[in-house]
Amino acid sequence: MGLSKTQGGMGFRDLVCFNKALLAKQIWRLWKAPENLIAQIMKAKYYPNSTVLDAPLGNRPSFAWRSIQGASDLVKDGLVWRVGNGKSIHIWKDKWLPRPPMYTVYSPPLLFDPNATNISNAEKHFLWRACHESLPTKANLCNRKVTRDPICPVCEREAETTFHVLWQCPAAQDTWSAGCRKFQKSCFEGPFFLPVVEGMLRVCGQQEFALFAGIARRLWLRRNALIHEGDFLHPNILVQQAT
Ligand SMILES: [Zn+2]
């Protein structure tokens, strides 16, 4: 029924999407025609010191404003910016880059103590790649149009992002549970792996962080061995190797 009439359907619209599109159109009008009376009233009431796209929800917003403001992310997602003289660009805040991890410019954090001797160079290099989304996970290869199949080859349930393969995947969680208590008690939200490393740096001592780095790299090697050789190490053996 949702198909268009030309495709043999009945042309019913997806009402949720349709409503969002109408609200986004309202934002676009407020943005493009600030001289209109309604735009001036909205600006005076809700965003006197910013643009409609940066406007906060504020205290006790009206239903109309809450709805319109809620659609601003949709407009921002589709927005293309002509740089011009660059005066109105916020280098640290605006989305610059076409792909994750952050879409924005950021200084790579100093992740590791350069004098730490208990983390091998291979592990440092691996974590650096994982934090910068440069591992060839299936999801990353999909983003680069190398493959069309993003599904995790281990659990075959979800897209294989770096966060998934190294942390969220049930097989990864089994392995972290076999590690130390701090790994078991840690809880992270995706979609990126960088917050996991930052979180571990906060709560772990040097020995524990070395174990974390060792397990993370071996999870990736185990995943590769599964794909290329059909082997899959038991979590306990993997942790033993990393210790
Ligand atoms: Zn998985």
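The values are calculated or read from the model by the stated rules, or taken from the named source; none is laboratory data. Just so it is clear, the model here is predicted, and its values are computed rather than measured. Cβ sites come from the backbone with ideal geometry, for glycine too, and all protein chains shown count toward neighbours.
When region 147-166 is filtered for residues that are within 15 Å of the ligand (Cβ to nearest atom), surrounded by fewer than 22 Cβ atoms within 10 Å (Cβ to Cβ) and charged (D, E, K, R), the ones remaining, listed by number, are D149, E156, R157, E158. For region 133-146, taking the residues that are in contact with a helix residue (DSSP H, G or I) (Cβ under 8 Å, 6 or more places away or on another chain) and assigned to a loop (DSSP other than H, G, I, E, B), the one that is surrounded by the fewest Cβ atoms within 10 Å (Cβ to Cβ) is identified as S134.
As for region 193-207, it holds at least one residue that is in contact (Cβ under 8 Å) with a residue 60 or more places away in the chain, closer than 23 Å to A122 by Cα and in contact with a Phe, Trp or Tyr (Cβ under 7 Å, 6 or more places away or on another chain). Scanning region 34-73 for residues that are more than 25 Å from V16 (Cβ to Cβ), surrounded by 12 or more Cβ atoms within 10 Å (Cβ to Cβ) and aliphatic (A, V, I, L, M) yields one hit, A39. Checking the condition at pLDDT 90 or above, away from the ligand (no atom under 13 Å from the Cβ) and surrounded by fewer than 17 Cβ atoms within 10 Å (Cβ to Cβ), which residue from L221, L238 passes? Exactly one of L221, L238 is at pLDDT 90 or above, away from the ligand (no atom under 13 Å from the Cβ) and surrounded by fewer than 17 Cβ atoms within 10 Å (Cβ to Cβ), namely L221.
For region 164-243, which fully contained helices (runs of 4 or more DSSP H) count at least 2 residues that are polar (S, T, N, Q) and in contact with a Pro (Cβ under 9 Å, 6 or more places away or on another chain)?
170-177
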